[in-house]
Amino acid sequence: MSKFSIHSQLLFAQNAITNALNQEVIKNLLAEYGYTEEKLREGLALYEEAQSLDIAKDKEYGDQYEATNELNLAKVEANREYMKHVKIARVALKDNRGAYESLQISGR
């Protein structure tokens, strides 16, 4: 794995392709190695697709973190409600040890 992030690699690729397309000297030198303007434009299209996918990935990560936060808050609220009912059940079932133990509300 490279020490550079995907974002950094995409930025480098964008600069390289854009410079190659915009600078005739670079474009002509690359053409000698088979990198025609058509191939460079194909590379630019691949870059744009990769950039779009990277943006979508970042959005999905954000959505995932948000969903995790919502889940954690829901767990806290559910536990709060659960504990209210446990306290009521402890009082209501204090003389019914069987039910008390079945429900595992002893707090041990």
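The values are calculated or read from the model by the stated rules, or taken from the named source; none is laboratory data. Predicted model only: the values in this text are computed from it and were never measured. Positions of Cβ are backbone-derived with ideal geometry, glycine not excepted, and every protein chain shown enters the neighbour counts.
Details
- Pairing residues of the stretch 11-37 that are under 27 Å from residue 52 (Cα atoms) with residues that are modelled with pLDDT of 95 or more and acidic (Asp, Glu), at Cβ distances under 8 Å and at least 6 apart in sequence or on separate chains, gives 21/37; 27/37.
- Within the stretch 84-94, the set of residues being hydrophobic (A, V, I, L, M, F, W, C) and surrounded by 10 or more Cβ atoms within 10 Å (Cβ to Cβ) comprises 86, 88, 89, 92, 93.
- One residue stands out in the stretch 21-45 among those that are of a type in the set (A, V, I, L, M) and over 33 Å from the mean Cα position of the chain (by Cα): the one that is nearest to residue 56 (Cα to Cα), namely 21.
- Considering the stretch 95-105, the residues that are on the phi < 0 side of the Ramachandran plot and loosely packed, with under 10 Cβ neighbours inside 10 Å include one that is farthest from the chain's Cα centre (by Cα), namely 95.
- Filtered residues of the stretch 17-30 (kept if part of a helix (DSSP H, G or I) and exposed (fewer than 15 other Cβ atoms within 10 Å of the Cβ)): 18, 19, 22, 24, 25, 28, 29
- Any hit, the stretch 51-70, residues being over 23 Å from the mean Cα position of the chain (by Cα) and aliphatic (A, V, I, L, M): no
- Some residue of the stretch 34-47 being touching an Asp or Glu at 6+ places or on another chain (Cβ under 9 Å), in a helix (DSSP H, G or I) and surrounded by 11 or more Cβ atoms within 10 Å (Cβ to Cβ): no
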